[in-house]
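Since the structure comes first, as structure tokens, the remarks are kept for the end.
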Amino acid sequence: MIAEFGLAALWLAAALAGLQLLGGFAGLRPGGERLAALVRPAAVLQALLCALAFVALLWLFARTDLSVALVAKNSHSMKPLIFKLSGAWGNHEGSMLLWVSVMALAGGLIALIERRLPERTMLATLGAQAFVGLGFYAFLLVSSNPFERLPQPPAEGLGLNPLLQDIGLAMHPPTLYFGYVGLSVAFSFAVGALLTRQVTPEFAKVMRPWILGAWIFLTLGITAGSYWAYYELGWGGWWFWDPVENASLMPWLAATALLHSASVLAARDALRTWTILLGVVAFSMSMVGTFLVRSGILTSVHAFAVDPERGAFILALLAIYIGGALVLFTLRAGTIAEGERFAMLSREGALVVNNVALSAILGIVLLGTLYPLLTEAFDVRVSVGPPYFNPVGAIFFLPMLVVLAIGPLLRWRRDSFERVQKPVVAIAVVALAVLAGVHFIAGVALLPLLGMALAAAVAVGSVMPLAGRSLRRLPLAVWGMVIAHFGVAVALFGMAADTAFQQERLVAARIGETITDGPWTITLAAVEPVAGPNWTALEARLEASYKGGEVQLARPQARSFWTPPQETSEVALLTRWNGQLYAALGGEAEGERWQLRLWWKPFVTWIWYGGILIGLGGLLALIGRVASDLRRRSARAQIAVRRGEVAA
Amino acid sequence: MSWLRWALLAAVFAGLGLFAWQLSREKDEFVHSTMIGKPIPPFDLPAAVADRPGLSSRDLADGRPKLLNVFASWCVPCAAEAPNLARLEASGAEIVAVAIRDRPEDVAAFLERYGNPFTRIGKDDISAVQLSIGSSGVPETFVIDGKGVIRHQHIGDIRDGDVPVLLEKLREAGA
């Protein structure tokens, strides 16, 4: 019964989305008020029904109801409960239901509390949201029904793949979906504003928490994904420009640009059409990313999620949403009144540079990712990698960092060079000192050298907005900006230092042999067989000492799984504040030697600390914005109450 | 600026069209050599086993078309294609080989077990020749004409149905 109940809830929710769409667009015309009055209730009810459907699916997985095809395929009665539950979204159908549910909840929340925008814009926004939602409902109900029953339930489920029983892997898809859904809300707001031509600072303020929320999830998702690739793949790298990595980076770049342009719109009523366009582009990039990953038209490590038919469905949705929104944009953009003007040397000017640079990097990554598809049309097979992305991206990334260091010090509208001369000179001196110091002491390649100098500049510049202000009374949003920008400096320093100073040793070592790698001396004490629940492994015991200090043990493994047969490398990491020793065990070499790959990676962990700081900064800004909105709301309510008393 | 917006729109639809077209196409996962139709780069490999001479690019330009088999003793599909290499040899094809990253005793044991259809076997310990002719794995089989020009590349093991195809390509190369 639970499965049928879930399916019924889903169909009803889809019908309500249809009603919401009709009502939203009826509200744009005179005489449509009666239908329009149904929009907010429909959105709230739709959210409840969708949540019910998702809870029903969770319930089925928790009980391991094997008469449901999805459960039989993806679960097993012996799994720990947490992995039974995460199994609910660890597959195509369930993850689509999760997406739809989160989206419906977001829509319900907006319908329930958001009253700051003109009602027509709100109706159009909720209508657009229902339109996006309907596509996903169709996808679910027509071609990927999560509640489908099996005529003959099997005795046991198929899903006991321990490789997938990983808490990180369980949280990975929801993190991305929260990000994508946040961007879909921003998209709906952009479409709503286009339909009513109401692009105002208030619109940006309403949209901003959703962008921030999406951006935080995407930031943390990318940071976690990068660390996963680093320790799981055993190649010692933290970014490979793989199509799937690019698919997550592109929405992040667009969301970062959107976040900053929405700030300009909110504070200064400028960049109106540009913000709208970015709102459309950011969601487009998440759809393009989903399409590239799921359709399998690009070869990548995520090939397990591939299905060309689903690819066709996503492509159709992509064409309808993005094509439709862009046609609307092309027709309407000319009729949206121009916003406020500003001087080039101003906070707005700096944010425009940020936006242009981020958009350019987005274009570069998009082109590099799709280029193999384009050349295949002419029967030329190419693969695009770091030799393209790194230098070409740096052309825009490095100037953007210069502006990032200085921009937050500038005033809105117009500033003078005399006023910011002192801090700018201070930042430049720090950057040049680091540049010269690193160059003469170490002799480093150009890109990492510039990276380290700019990291220092950004670190100094990012904390300068705190100077001369009362730290206790500083708004949380400013703290958020400072911490996020400082995080950029930290991550950048980690990337540059690792690239410049990492020391790799590839050796075939005998038992008892001692190897030096940078400041480390490492002794191969033993290689022993060990066994796990469904694997056997060779485990090396490495005794490592940093600059002759205390001996630490590292135990890298070369693992062989037998269901399915697969070889993996379990690297061993020794973490210090200033870097990591990364050890991977290869196979046996001739003459009782063992292949060892050792890397000393100075400051590599700072990359992920920086990523976490960036996300934390976003979170502070989000809390600050929402809290001040709530304060303003209750203040307004009090005024209304007082007025009421006076009138009485 | 409105032309810019239309250009953007056109670019987006062109991109969507590209996606749709790629999606509808059969996916070819093989990386084909870009050396097909070009003369084989000069090389001179020592012998991989005692009873067969080594292989040089001059041997491949002696006027007679040949099959060049890229193999290794540690490669399972190479063992699987051995009967079909024997059939090709029996049909009159001259087959030479390059052994990739291998040890002489292992190659000898492999040929002992699965048969030796090769007239010459070069020893390519660092895949230098393999890479120079655009081969990305083992086994692969190339058709080389009498002037030493690469005419055809077969990727993967030779299945039963591939034997007549390779013989036909060899005949064309000789014409």
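Every number in this text was worked out from the coordinates using simple rules, so none of it is lab data. All of these numbers come straight from a predicted model, not from anything done at the bench. Cβ atoms come from the backbone with ideal geometry, glycine included; neighbour counts cover every protein chain shown.
If a/c stays under 1.5 just call it rounded; otherwise compare a/b with b/c (prolate if a/b is bigger, oblate if not). Do that for segment A:345-459, with a ≥ b ≥ c from the square roots of the Cα gyration tensor eigenvalues. Oblate, because a/c is 1.5 or more while a/b does not exceed b/c.
With Cα atoms defining each centre, segment A:334-358 and segment A:382-415 are spaced 16 Å apart in the structure.
Per-residue Karplus couplings for segment A:394-408, computed as 6.51 cos²θ - 1.76 cosθ + 1.60 with θ equal to phi - 60°, are listed in order as 4, 3, 9, 5, 5, x, 4, 5, 4, 5, 4, 5, 9, x, x Hz, Gly and Pro entered as x.
Which of rounded, prolate or oblate describes segment A:309-379 when judged by the alpha-carbon gyration tensor and an a/c cut-off of 1.5? In terms of gyration-tensor shape, oblate.
Near B:HIS154, the amide H atoms lying under 5 Å from its own belong to B:THR141, B:PHE142, B:VAL143; only residues 5 or more places off or on other chains count, and H is placed 1.01 Å from N. Relative contact order for segment B:30-174: 36 percent, from Cα pairs under 8 Å spaced at least 6 residues apart, divided by residue count.
In loop segments of segment A:559-602 as defined by DSSP, the GluC sites (Glu not before Pro) with at most 16 further C-beta atoms inside 10 Å of their C-beta are A:GLU590, A:GLU592. Phi angles of segment A:43-60 translate, via the Karplus equation with coefficients 6.51, -1.76, 1.60 and θ = phi - 60°, into HN-Hα couplings of 5, 5, 5, 4, 4, 4, 5, 5, 4, 4, 4, 5, 4, 4, 5, 4, 4, 4 Hz per residue; Gly and Pro are given as x. Projecting the Cα atoms of A:ALA3, A:PHE139, A:ALA124 onto the dipole axis of segment A:1-165, where Lys and Arg carry +1 and Asp and Glu carry -1 at the beta carbon, places A:ALA124 farthest toward the positive end. Annotation: peptides A:334-342, A:252-260, A:500-508, A:226-234, ranked by per-residue average of other Cβ atoms within 10 Å with the highest first, follow the order A:252-260, A:226-234, A:500-508, A:334-342.
Given a Förster distance of 60 angstrom, what is the FRET efficiency for B:ALA90 paired with A:VAL382, based on the Cβ-Cβ distance and rounded to 0.05? Plugging the Cβ-Cβ distance into 1/(1 + (r/R0)^6) gives 0.90. Annotation: lysines with alpha-carbon distance below 19 angstrom to B:LYS169 (same-chain offsets under eight excluded): B:LYS38, B:LYS66, B:LYS147. As a ratio to 2.2 N^0.38 Å, the alpha-carbon radius of gyration for the protein assembly as shown is 1.10.
Per-residue shielding of A:363-373, expressed as the average number of other chain Cβ atoms within 10 Å of the residue Cβ, stands at 1.
State log₁₀ I(q)/I(0) for segment A:90-135 at q = 0.13, 0.18, 0.22, 0.32 Å⁻¹ as given by the Debye formula over alpha-carbon point scatterers of equal weight, solvent excluded. For segment A:90-135 at q = 0.13, 0.18, 0.22, 0.32 Å⁻¹, log10 I(q)/I(0) is -0.34, -0.57, -0.75, -1.15.
Here r is the Cβ-Cβ distance between A:GLN503 and A:ALA467 and R0 is 35 Å; the resulting FRET efficiency, rounded to 0.05, is 0.35.
Think of segment A:1-165 as having a plus end and a minus end, set by charges on the Cβ of Lys, Arg, Asp and Glu; of A:LEU57, A:ASN91, A:ALA14, A:ALA14 sits farthest toward the positive end of this dipole.
Run the numbers on chain A and let me know its relative contact order in percent, using alpha-carbon pairs under 8 Å that are six or more apart.
Details: 1130 pairs, mean separation 66.7, N = 648.
That works out to 10 percent.
Which whole-number percent is the relative contact order of segment A:459-575 (Cα, under 8 Å, 6+ apart)? Before the final figure, lay out each step's value.
Numbers: 152 pairs, mean separation 15.8, N = 117.
Answer for segment A:459-575 is 13 percent.
When both segment A:448-477 and segment A:57-128 are represented by their alpha-carbon centers, they are found 40 Å apart. With a 10 Å cut-off around each Cβ of A:328-339, the average count of Cβ atoms from other chains is 2. Within the same chain, aspartates and glutamates fewer than 8 places from A:LYS547 are excluded, and of the rest, those with a Cα less than 20 Å from its Cα are A:ASP498, A:GLU504, A:GLU513, A:ASP517.
Which of the chymotrypsin sites (Phe, Trp or Tyr not before Pro) found in segment A:574-611 are loop residues per DSSP with 13 or fewer other Cβ atoms within 10 Å of their Cβ?
Numbers: sites: A:TRP577, A:TYR582, A:TRP594, A:TRP599, A:TRP600, A:PHE603, A:TRP606, A:TRP608, A:TYR609; in loops: A:TRP577, A:PHE603.
Listed in order of number, the matching sites are A:TRP577.
Tell me, A:ARG555, B:ARG113 in order of fewest to most beta-carbon neighbours within 10 Å? Mind dumping the intermediate values first?
Numbers: A:ARG555 16, B:ARG113 10.
Fewest-to-most Cβ neighbours within 10 Å comes out as B:ARG113, A:ARG555.
Where in segment A:369-429 are there trypsin sites (Lys or Arg not before Pro) that are in a DSSP coil and have at most 15 other Cβ atoms within 10 angstrom of their Cβ? Intermediate results must be reported in sequence, preceding the final value.
Details: sites: A:ARG381, A:ARG411, A:ARG413, A:ARG414, A:ARG419; in loops: A:ARG381, A:ARG411, A:ARG413, A:ARG414.
Sites meeting the loop and neighbour criteria: A:ARG381, A:ARG411, A:ARG414.
Listed values for segment B:112-117 are Karplus-derived 3J(HN,Hα) couplings in whole Hz (6.51 cos²θ - 1.76 cosθ + 1.60, θ = phi - 60°), namely 4, 7, 9, x, 10, x, and x replaces Gly and Pro. In a reduced charge model with +1 at each Lys and Arg Cβ and -1 at each Asp and Glu Cβ, chain A shows a dipole moment near 2960 debye about its Cα centre. Dipole size of segment B:30-174 about its Cα centre, with +1 on Lys/Arg Cβ and -1 on Asp/Glu Cβ: approximately 340 debye, rounded to the nearest 20.
Straight-distance candidates among the lysines for linking to A:LYS84, with alpha-carbon spacing under 18 Å and chain neighbours fewer than 8 residues away dropped: A:LYS73.
How do B:PHE71, A:PHE5, A:PHE131 rank when sorted from fewest to most other Cβ atoms within 10 Å of their own Cβ? Can you show the working numbers first?
Details: B:PHE71 28, A:PHE5 14, A:PHE131 21.
Starting with the residue having the fewest Cβ neighbours, the order is A:PHE5, A:PHE131, B:PHE71.
Averaged over peptide B:9-21, the number of partner chain Cβ atoms lying within 10 Å of each residue's Cβ comes to 5.
When a/c is below 1.5 the answer is rounded, else prolate if a/b is larger than b/c, else oblate, so apply that to segment B:55-144 with a ≥ b ≥ c taken from the square roots of the Cα gyration tensor eigenvalues. Please list the in-between numbers first.
Numbers: a/c = 1.56, a/b = 1.07, b/c = 1.46.
Oblate, because a/c is 1.5 or more while a/b does not exceed b/c.
For the peptides A:632-639, A:389-396, the ranking by mean Cβ contacts within 10 Å, running from highest to lowest, is A:389-396, A:632-639.
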